[in-house]
Amino acid sequence: MSYFRAGPKLALALWALLAIGGAREAESVPRWTAKAEAGPEYDSNALRVAQDDTAVLLPAPLLRCSTDLGFELNAGRQALALGYSGGAKLFLRGGPISAAHEHVHRATLGASWHLGPARLGVQGNYYDVFQPRQDDPALTALQRDLRLATGLLRASTGQRRAWPALIVDVGYQMMHFKPDADFDFHGPLGSASARWQLYAGEGAGASAWTLGATFTLGRRWFSGLRTVCARTNQGGCFNDLRARRADWDQLLWFQLGYEGAATALWWYGVELNGSNSDDQRYVRHIVGMRFTVPLVWALYASAESVLQVSSFRRSAALESTNQPFNPLLDEENRSRLSAYVGRELGPRWALVARWTVYVNESIAATTALTRLGFFRQTVFAGVRYAFDSELR
């Protein structure tokens, strides 16, 4: 696809614009950041299969590594930001487990221009998952091998007294799901966000609260056909050969953050997916929290909890929730609980340990049926490195 090869040219063009526009401004110093993490991990359900009478859960050890690189340059009224995140999971057993090998790449590119009280910008995002191709269709169906590209135009304003900071994005997204082209989609999307910040205290006792709200609307035209189902749950569903699937996806998101002696984040989201396919209409609620606190002897601890509850219009959807894809190496679009402990070894190095358990989101339909359906836990121990050119 040609749009996947345009990134380097666009980066050079944005860099030239910044260089020309900021040549007469005061000299600016770029900021470089880098993070890396590596170590062994244990996965109790390497293939991420659902639990039923015939499922065989395959536990396996693996080696994993991840990295995050960033570059920022403010040249007067212009700014440029580049980012790259990558990760890999290599299982130490062969056979069917090899289908779970995975490496992920994500790149971002953004540029902005300050025009009076507002800031205008452009941003591009590219995300790609690579997994080994499988001859067994059953193993292919368990993979999440996908490619996602998004381009956005952004307008924003800073917070002014009682008025919040505002951000408006308009753009286009394209997704290619490699195991099954029926789930490929493309379409426009837009979002509007508001954010308030409140500061309290001074010096060592200073703290900050952040309240944010975001509404996102996206249109998705799929390659696969729309599904038509009978009016009763006892009836079946079939593909409509005359039309392809098309969805309106809406997400309303609220979050509250705190930074002080500890850090904490609480969030709630509600997603409404309207579709011309009868078995793809649903409402999903997402509730979560995360906090980090310092302990003794340079130890610090973090915990995260996420609960998801979905309601489908038809019980038939219980068999396949067709959850949206989440572009992260570790997270699944399921309810989860995670605990994290780290010990600093210096200004840049730390030992880390993490335990996470995933379960299927609770699903409620006209039959009021709720089931677990999925269980997976991972245990990781390793070393982390962090660098920031502003903290030398």
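The values are calculated or read from the model by the stated rules, or taken from the named source; none is laboratory data. What you see is a predicted model, and the numbers here were worked out from it, not measured in a lab. Cβ: placed from backbone, ideal geometry, glycine included. Neighbour counts: every protein chain shown.
Computed quantities for the displayed model
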quantity	calculated
Unique residue being within 18 Å of GLN250 (Cα to Cα) and either in contact (Cβ under 8 Å) with a residue 40 or more places away in the chain or of a type outside the set (Val, Ile, Thr) (or both) when the list is HIS176, HIS186	HIS186
Matching residues in segment 248-287 - criterion: being more than 14 Å from LEU211 (Cα to Cα), charged (D, E, K, R) and free of Cβ contacts under 8 Å to residues at least 60 places away in the same chain	GLU271, ASP278, ASP279, ARG281
Looking only at segment 149-185, and only at residues there that are in contact with a His (Cβ under 8 Å, 6 or more places away or on another chain) and of a type outside the set (Phe, Trp, Tyr), the one that is farthest from ALA118 (Cα to Cα)	ASP184
Residue that is farthest from the chain's Cα centre (by Cα) [pool: residues in segment 115-137 that are part of a strand (DSSP E or B) and closer than 27 Å to SER98 by Cα]	PHE130
Residue within segment 94-104 that is at pLDDT 90 or above, hydrophobic (A, V, I, L, M, F, W, C) and touching a helix residue (DSSP H, G or I) at 6+ places or on another chain (Cβ under 8 Å) present	no
Filter pass, LEU198 being surrounded by fewer than 15 Cβ atoms within 10 Å (Cβ to Cβ), among the aliphatic types (A, V, I, L, M), within 21 Å of ALA165 (Cβ to Cβ) and at pLDDT below 95	yes
Strands (runs of 3 or more DSSP E) lying entirely in segment 314-392 (those with 2 or more residues that are closer than 19 Å to LEU299 by Cα and modelled with pLDDT of 85 or more)	335-344, 349-359, 375-388
Within segment 138-166, tally of residues that are at negative phi, in a loop (DSSP other than H, G, I, E, B) and surrounded by fewer than 16 Cβ atoms within 10 Å (Cβ to Cβ)	4
Filtered residues of segment 167-195 (kept if surrounded by 16 or more Cβ atoms within 10 Å (Cβ to Cβ), part of a loop (DSSP other than H, G, I, E, B) and among the charged types (D, E, K, R))	LYS178, ASP184
Candidate set from segment 94-114 (those that are in contact (Cβ under 8 Å) with a residue 40 or more places away in the chain and outside any strand (DSSP E or B)); member that is nearest to GLY124 (Cα to Cα)	ALA100
Qualifying positions in segment 113-137 - of a type in the set (Phe, Trp, Tyr) and either surrounded by 17 or more Cβ atoms within 10 Å (Cβ to Cβ) or farther than 20 Å from ARG77 by Cα (or both)	TYR126, TYR127, PHE130
Subset of segment 378-392 (residues that are touching a Ser or Thr at 6+ places or on another chain (Cβ under 6 Å) and of a type outside the set (D, E, K, R))	THR378
